[in-house]
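Q: The following block contains the structure, expressed as structure tokens.
The values are calculated or read from the model by the stated rules, or taken from the named source; none is laboratory data. Nothing here was measured: the structure is a model prediction, and the numbers come from that model. As a convention, Cβ positions derive from the backbone with ideal geometry for all residues, glycine included, and neighbour counts pool all protein chains shown. With ligands, DNA and RNA removed, areas are computed over all heavy atoms of the protein, side chains included. Shrake-Rupley method; radii C 1.70, N 1.55, O 1.52, S 1.80 Å.
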Amino acid sequence: MESERLANQLQAINTEIETRLKPDLDVVCGLRDRVFEEIMEILQLKQNIETIRDNQDKNVELQVDMGENIYVQAEVPDCSRIYVNFGLGVWVDLEPSEALKFIEMRHRALEERSERYTGRISEIQAHLVPLLHGARELESLLA
């Protein structure tokens, strides 16, 4: 009878791990990875805008990421104004210095979001690790 109770507890723990904690962890890790990708894109954009700002009086040649790490050579003849995607399909015409301010705000927001996701990952792992240890102990008792 004791072994049946332990087997039921083990089944409940494994169900909790497999149906809730691991899927939650996968989702939050995926969300955080997407935020990290956005941060990399925003930092690359910042670097390009700084190049444009520093060379406003000249033609600027840049390598632009077209997606999937495919780069093309681009020449920018007039660097006094640039269009920045604010999100939701909204593009705004800004001076490079204004664009850099927006990028800094966006970067801070993304960093805060990644920290929240990292915190959530830690919370899930804090629940997951003891359950995994408990499952191992129950398995050893049943063996």
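Q: So A126 clears everything in (1) surrounded by 15 or more Cβ atoms within 10 Å (Cβ to Cβ); (2) at pLDDT 95 or above except one condition, right? Which one?
A: (1)
Q: Let me ask something else about it. Does N69 count as loosely packed, with under 10 Cβ neighbours inside 10 Å and not basic (K, R)?
A: Yes: the conditions hold for N69.
Q: Additional query: Hey, could you check the range 105-123 for residues that are of a type in the set (D, E, K, R) and touching a residue at least 12 places away in the same chain (Cβ under 8 Å) and say which is surrounded by the fewest Cβ atoms within 10 Å (Cβ to Cβ)?
A: Among those residues, the one meeting the criterion is E111.
Q: Could you check the range 33-47 and list, in sequence order, the residues that are open to solvent by 40 Å² or more (accessible area, probe 1.4 Å) and over 9 Å from the mean Cα position of the chain (by Cα)?
A: M40, E41, L43, Q44, L45, K46, Q47
Q: A further question on this structure: Taking strands (runs of 3 or more DSSP E) that do not extend beyond the range 52-97, which have at least 3 residues that are touching a residue at least 12 places away in the same chain (Cβ under 8 Å)?
A: Answer list for the range 52-97: 60-65, 71-76, 82-87.
Q: How many residues does the range 8-32 contain that are more than 15 Å from H133 (Cα to Cα), among the aliphatic types (A, V, I, L, M) and either surrounded by 15 or more Cβ atoms within 10 Å (Cβ to Cβ) or over 24 Å from the mean Cα position of the chain (by Cα) (or both)?
A: Total satisfying the criteria: 3.
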